[in-house]
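To start, the structure itself, in structure tokens.
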Amino acid sequence: MFTLAQIEAAHSDVESGKNFPAFAKTIKELGVQTFETYVEDGSTTYNGNDETQVTSAQQYAPLLIYGIVNPEKFLADLRNHQQGNTDFFQFCKDCADSGVFKWIVDLEAKTCTYYDCEGTTVFKEQIPA
């Protein structure tokens, strides 16, 4: 059973997408199986294998999600974030500008899938070990 405080402590070490694989490993060790992050306000729901579920608070004022998905822009922004060039808030703003509504991370499958407002997959990737 994990707590939001434990997850937030692990997340405090994350400066950009460059640190994401280590964060994913840490929270998986806490018992998190999946989590879903909403671009609109940065809130995240974490789910565990023992039916534990915690949700973080809104992280910033709501963003407007652009209605037309731009996969090319999104992939460029994602790569930029993964190289450590943007923080979480900037990445979320970039996602909103590209029409990305949310992402779901499956720590068992080691995948991160990004979705538009209609629930259509924009991009799915493997999380590096």
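What relative contact order, as a whole-number percentage, does segment 34-89 give when Cα pairs under 8 Å and 6 or more residues apart are counted? All intermediate terms of the calculation are to be shown ahead of the outcome.
Values: 50 pairs, mean separation 14.0, N = 56.
Value for segment 34-89: 25 percent.
Peptides 86-92, 57-63: what's the order by average Cβ count within 10 Å, highest mean first?
Details: 86-92: 17.4, 57-63: 12.3.
The packing order, highest mean first, is 86-92, 57-63.
Enter the accessible area per residue of the chain (Å², integer; probe 1.4 Å; all protein chains in place).
Working: 7040 Å² over 129 residues.
Per-residue value: 55 Å².
Given labels modelled 7 Å from the Cα in the Cβ direction, how far is it in nm from Asp87 to Glu36?
2.8
Given a Förster radius of 30 Å and the C-beta distance between Asp50 and Phe123 as r, what FRET efficiency does 1/(1 + (r/R0)^6) yield to the nearest 0.05? Walk me through the intermediate numbers first.
Numbers: r = 30 Å, r/R0 = 1.01.
With R0 = 30 Å, the Cβ-Cβ based efficiency is 0.50.
With a 1.4 Å probe and every protein chain kept in, tell me what percent of the accessible surface of the chain is carbon plus sulfur.
Numbers: 3500 of 7040 Å².
After summing per-atom areas, the C and S share lands at 50 percent.
Relative to the present Cα-Cα distance, how much length would full extension add between Ala57 and Thr3 at 0.36 nm per residue of separation?
Values: separation 54, 0.36 × 54 = 19.44 nm, distance 1.34 nm.
Result for the pair: 18.1 nm of gain on full extension.
Which entry is the computed Rg and Dmax of the Cα atoms in Å for this structure: (i) 16.7, 53; (ii) 13.8, 39; (iii) 18.1, 69?
(ii)
Which lysines have a Cα lying under 21 Å from the Cα of Lys110, excluding residues fewer than 8 positions away in the same chain?
Lys18, Lys25, Lys28, Lys102, Lys124
Within the set of other residues whose C-beta is less than 9 Å from the C-beta of Cys95, count the net charge using Lys and Arg as +1 and Asp and Glu as -1. Could you put the intermediate results ahead of the total?
Working: positive: Lys93, Lys102; negative: Asp77, Asp94, Asp97.
Net charge around Cys95: -1.
Under the rule of at least 5 residues apart or a separate chain, name every residue whose amide H is placed under 5 Å from the amide H of Leu107.
Counting only residues 5 or more places away or on other chains, the set is Thr34, Phe35.
Rank-order 98-108, 64-74, 26-36 by packing density, defined as the average count of other C-beta atoms within 10 Å over each peptide's residues, highest first. Please report the intermediate quantities before stating the final value.
Numbers: 98-108: 20.1, 64-74: 14.1, 26-36: 17.5.
Highest-to-lowest ranking by the protection proxy: 98-108, 26-36, 64-74.
Enumerate the calculated ³J(HN,Hα) couplings along segment 26-31 in order (Karplus 6.51 cos²θ - 1.76 cosθ + 1.60, θ = phi - 60°), each rounded to whole Hz, writing x wherever the residue is Gly or Pro.
Result, rounded to whole Hz: 4, 6, 5, 5, 6, x.
The values are calculated or read from the model by the stated rules, or taken from the named source; none is laboratory data. None of the values given here were measured: they were computed from a predicted structure. Glycine also receives a Cβ, built like all others from the backbone with ideal geometry; neighbour counts cover every protein chain displayed. Heads up: the accessible areas ignore ligands, DNA and RNA and are worked out on the full protein's heavy atoms, side chains in. Shrake-Rupley method; radii C 1.70, N 1.55, O 1.52, S 1.80 Å.
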